[in-house]
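A.B. asks: Sharing a structure below in structure tokens format, with a few things to ask.
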Amino acid sequence: MGIKTLISNNMKILIINSHPDDALLSMGGSIAKFIEEGNDVHYVVFSWAGQGFNKEEIMNSLKILGLKESHIRLLNYEVRNFPYFGSAIRQEMVNLRDQIKPDKVFINSSLDLHQDHETTSKEGYRVFRELTLFGYILPWNVRELKLGAFQEIEPKHLDIKLKSIKALNSQQFRFYYNPEVIKAMATMFGLFRRKKLAEGLEIMNINL
């Protein structure tokens with residue numbers, strides 16, 4: 001399934017991340033496209049300070065993607081210890097749901113093995129299961145691919161994604177920050193729908 005028919009202009013889109021780069025690495029091109037098309041995109045990070053990130057580079061990276069500073073929220077839960085804070089994380093999500101009133105929500109895939117991602121996905125499903133909900137995929141973290149939706153992107157969106165990733169200077173040592181890895185992902189997901197470039201997503205709930 002393509003998600004173009006499910007994402008129209010002027011929607012409120014909430015993107016929830018365990019860490020600053022989760023959705024960027026998975027669906028950064030789609031985020032750039034959503035913003036370009038006039039949607040109101042909110043980007044929330046539950047643990048920004050762990051793993052060597054600094055706040056300045058995070059904000060610079062997300063601004064390159066096109067996000068408004070007022071639509072970026074950086075929380076500071078302890079990295080790799082989300083399972084101990086499930087109730088608090090769930091309440092944060094309830095607050096986000098009530099404050100933003102999103103039309104569509106994107107969270108970590110339900111098949112992600114990272115303990116923080118797993119908690120974010122589980123609690124996200126509990127809070128947002130009555131909305132249209134997608135899981136974004138980090139192939140190096142999942143036990144299997146569960147693809148149900150594909151967002152076609154253009155080379156310009158991929159370029160924005162690559163520039164945004166490059167702005168996270170502290171993380172460039174990671175193998176999946178290699179531009180060729182990011183390009184290969186977009187090409188691979190595009191093949192599923194005979195498109196040049198795309199990003200793949202898990203469908204967790206759809207309201208038609």
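The values are calculated or read from the model by the stated rules, or taken from the named source; none is laboratory data. From a predicted model like this one, the values you see are computed outputs, not experimental measurements. Don't worry about glycine lacking a Cβ; one is built from the backbone with ideal geometry, like all the others, and counts go over all protein chains shown.
A.B. asks: Please determine, by comparing only the residues of region 64-78 that are over 25 Å from Leu162 (Cα atoms) and under 18 Å from the mean Cα position of the chain (by Cα), which one is surrounded by the most Cβ atoms within 10 Å (Cβ to Cβ). Steps first, please.
C.D. replies: Pass one, region 64-78, residues over 25 Å from Leu162 (Cα atoms): 76-78.
With the extra rule that they be under 18 Å from the mean Cα position of the chain (by Cα), the set shrinks to 76-77.
Details: Asn76: 12, Tyr77: 21.
Within region 64-78, the match that is surrounded by the most Cβ atoms within 10 Å (Cβ to Cβ) is Tyr77.
A.B. asks: Tell me, yes or no, whether region 48-71 has at least one residue that is closer than 24 Å to Lys12 by Cα, assigned to a strand (DSSP E or B), at pLDDT 95 or above and small (Gly, Ala, Ser).
C.D. replies: In the first step, residues of region 48-71 are kept if they are closer than 24 Å to Lys12 by Cα; the result is 48, 58-71.
From what's left, assigned to a strand (DSSP E or B): none.
No, region 48-71 has no match at all.
A.B. asks: Against the condition assigned to a helix (DSSP H, G or I), at pLDDT 95 or above, under 17 Å from the mean Cα position of the chain (by Cα) and among the polar types (S, T, N, Q), how does Thr120 come out, does it pass? Can you show your working first?
C.D. replies: Numbers: assigned to a helix (DSSP H, G or I): yes; at pLDDT 95 or above: yes; under 17 Å from the mean Cα position of the chain (by Cα): yes; among the polar types (S, T, N, Q): yes.
So Thr120 passes the test.
A.B. asks: Let me ask something else about it. Can you give me the number of residues within region 166-188 that are in a loop (DSSP other than H, G, I, E, B) and surrounded by 14 or more Cβ atoms within 10 Å (Cβ to Cβ)? Give the steps one after another, and end with the answer.
C.D. replies: At the first step, the residues of region 166-188 found to be in a loop (DSSP other than H, G, I, E, B) are 167-168, 172-174, 178.
If we keep only those that are surrounded by 14 or more Cβ atoms within 10 Å (Cβ to Cβ) too, we end up with 167-168, 174.
Residues that pass the stated criteria total 3.
A.B. asks: Just to be sure I understand, how many residues within region 134-151 are in contact with a Ser or Thr (Cβ under 9 Å, 6 or more places away or on another chain) and farther than 11 Å from Glu202 by Cβ?
C.D. replies: 4
A.B. asks: In region 109-161, how many are touching a helix residue (DSSP H, G or I) at 6+ places or on another chain (Cβ under 8 Å) and of a type in the set (Gly, Ala, Ser)?
C.D. replies: Going through region 109-161 one residue at a time, the tally reaches 4.
A.B. asks: Residues in region 31-48 that are small (Gly, Ala, Ser) and surrounded by 18 or more Cβ atoms within 10 Å (Cβ to Cβ): how many? Talk me through it step by step, then tell me what you get.
C.D. replies: So the first thing to find is which residues in region 31-48 are small (Gly, Ala, Ser), and the list is 32, 38, 47.
Next, only the ones that are surrounded by 18 or more Cβ atoms within 10 Å (Cβ to Cβ) stay: 32, 47.
Number satisfying all stated conditions: 2.
A.B. asks: For region 106-117, indicate whether the set of residues that are assigned to a helix (DSSP H, G or I), within 15 Å of the chain's Cα centre (by Cα) and modelled with pLDDT of 95 or more is non-empty.
C.D. replies: Step one: of region 106-117, the residues assigned to a helix (DSSP H, G or I) are 115-117.
Keeping just the survivors that are within 15 Å of the chain's Cα centre (by Cα) gives 116-117.
With modelled with pLDDT of 95 or more added as a condition, the list becomes 116-117.
Yes; the residues of region 106-117 include at least one that is assigned to a helix (DSSP H, G or I), within 15 Å of the chain's Cα centre (by Cα) and modelled with pLDDT of 95 or more.
A.B. asks: Taking the options Ser121, Ser61, Ser70, Ser110, name whichever one is without any contact (Cβ under 8 Å) to a residue 24 or more places away in the chain, at negative phi and in contact with a Ser or Thr (Cβ under 9 Å, 6 or more places away or on another chain).
C.D. replies: On the way: Ser61 fails: without any contact (Cβ under 8 Å) to a residue 24 or more places away in the chain; Ser70 fails: in contact with a Ser or Thr (Cβ under 9 Å, 6 or more places away or on another chain); Ser110 fails: without any contact (Cβ under 8 Å) to a residue 24 or more places away in the chain.
That would be Ser121, the only listed residue that is without any contact (Cβ under 8 Å) to a residue 24 or more places away in the chain, at negative phi and in contact with a Ser or Thr (Cβ under 9 Å, 6 or more places away or on another chain).
A.B. asks: Filter region 145-165 down to residues that are not aliphatic (A, V, I, L, M) and not in a helix (DSSP H, G or I) and give me whichever is nearest to Ser110 (Cα to Cα). Full working, then the answer.
C.D. replies: First, pick out the residues of region 145-165 that are not aliphatic (A, V, I, L, M): 146, 148, 150-152, 154-157, 159, 161, 163-164.
Remaining after also requiring not in a helix (DSSP H, G or I): 146, 148, 150-152, 154.
Details: Lys146: 9, Gly148: 13, Phe150: 17, Gln151: 19, Glu152: 22, Glu154: 27 Å.
Here the residue is Lys146.
A.B. asks: Taking the condition surrounded by 14 or more Cβ atoms within 10 Å (Cβ to Cβ) and either touching a Gly at 6+ places or on another chain (Cβ under 9 Å) or under 21 Å from Glu130 (Cβ atoms) (or both), does Met27 pass?
C.D. replies: When the stated conditions are applied, Met27 passes them.
A.B. asks: Go through region 81-105 and give me each residue that's surrounded by 20 or more Cβ atoms within 10 Å (Cβ to Cβ) and not in a helix (DSSP H, G or I).
C.D. replies: Across region 81-105, the qualifying residues are Pro102, Lys104, Val105.
A.B. asks: Can you find even one residue in region 24-40 that is polar (S, T, N, Q), touching a helix residue (DSSP H, G or I) at 6+ places or on another chain (Cβ under 9 Å), under 22 Å from Met204 (Cα atoms) and touching a residue at least 60 places away in the same chain (Cβ under 8 Å)?
C.D. replies: Within region 24-40 (the criterion being polar (S, T, N, Q), touching a helix residue (DSSP H, G or I) at 6+ places or on another chain (Cβ under 9 Å), under 22 Å from Met204 (Cα atoms) and touching a residue at least 60 places away in the same chain (Cβ under 8 Å)), the answer is yes, since at least one residue qualifies.
A.B. asks: Sticking with this structure for a sec: So the check is Cβ under 7 Å with 6+ separation or different chains; which pairs have a first residue in region 124-136 that's under 13 Å from Lys146 (Cβ atoms) and a second one that's aromatic (Phe, Trp, Tyr) and modelled with pLDDT under 95?
C.D. replies: Correct list of pairs: empty, since none qualify.
A.B. asks: Would you pick out the residues in region 17-75 that are in contact with a Lys or Arg (Cβ under 8 Å, 6 or more places away or on another chain), of a type outside the set (A, V, I, L, M, F, W, C) and more than 20 Å from Ile100 (Cα to Cα)?
C.D. replies: Selection gives Gly28, Gly29, Gly50.
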